[in-house]
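The values are calculated or read from the model by the stated rules, or taken from the named source; none is laboratory data. Note that the coordinates shown come from a computational prediction; the quantities given were computed from them, not determined experimentally. Note that each Cβ is placed from the backbone with ideal geometry, even for glycine, and that neighbours are counted across all protein chains shown.
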Amino acid sequence: MVSHPSPGHGPVRAYIAFGANLGEPAAALELACERIAALPGTHVVARSSLYRSAPVGVAGQPDYLNAVIAADTTLPAAELLSALLAIEHAAGRTRDYHQAPRTLDLDLLLYGDAEIHLPQLEVPHPRMHQRAFVLLPLAEIAPEATIPGRGAVADLLPGVAEQRIARL
């Protein structure tokens, strides 16, 4: 099921999570922003500060650096996702195993107010409301943001208050 603005109605505001815990994460964020801005019909309009967070669900990995990027795009959501995966691959991202450390991870969090349920794409991102490393940077650049089916980001922040995260 896909529910989103009809084509031809101008750009859609998309929010993209950035994460990395291998290599040079700050440089990877710069590269990701440059490559997202270079996509057809796409303009990066904001990006959050970097945040350091502990890996979720795994032990023995370095902390992650995370951020959220806001982009206005005319690309359909599935094409945007394909482009994000290509950016990851070009930056050396491998998928050796589930929750493997990574040089660059880009997740499509929100695509306007769309709710998309496809085998390759779930928007809003299904676990974003449970993760401080998504909600805090998102609240920084879009304090009014709402997650369809979950509510206002500001109202969800208390639910992740126990997670270790620090703004850099």
Given the conditions (1) part of a helix (DSSP H, G or I); (2) at positive phi, and given that HIS129 satisfies all but one, which numbered condition is not satisfied?
-> (2)
Single residue of ALA71, ALA154, ALA90 found to be closer than 17 Å to ALA28 by Cβ and in contact with a Pro (Cβ under 9 Å, 6 or more places away or on another chain) = ALA71
Taking region 41-64, which residues are surrounded by fewer than 17 Cβ atoms within 10 Å (Cβ to Cβ), in a strand (DSSP E or B) and without any contact (Cβ under 8 Å) to a residue 40 or more places away in the chain?
-> HIS43, VAL45
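Conditions (1) of a type in the set (Val, Ile, Thr); (2) over 23 Å from ALA54 (Cβ atoms); (3) at pLDDT 90 or above; (4) assigned to a helix (DSSP H, G or I), marked per residue:
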| position | (1), (2), (3), (4) |
| --- | --- |
| ASP96 | no, no, no, no |
| GLN99 | no, no, no, no |
| LEU109 | no, no, yes, no |
| ILE116 | yes, yes, yes, no |
Search result, residues across region 141-168 that are touching a His at 6+ places or on another chain (Cβ under 9 Å), among the hydrophobic types (A, V, I, L, M, F, W, C) and either without any contact (Cβ under 8 Å) to a residue 24 or more places away in the chain or under 15 Å from VAL68 (Cα atoms) (or both) = ILE147, VAL153
Mind checking whether some residue in region 79-86 is in contact with a strand residue (DSSP E or B) (Cβ under 9 Å, 6 or more places away or on another chain), modelled with pLDDT of 95 or more, in a strand (DSSP E or B) and buried (at least 17 other Cβ atoms within 10 Å of the Cβ)?
-> no
Do we find a residue being under 23 Å from LEU81 (Cα atoms), among the small types (Gly, Ala, Ser) and out of contact with any Gly (no Cβ under 7 Å at 6 or more places or on another chain) anywhere in region 48-58?
-> yes
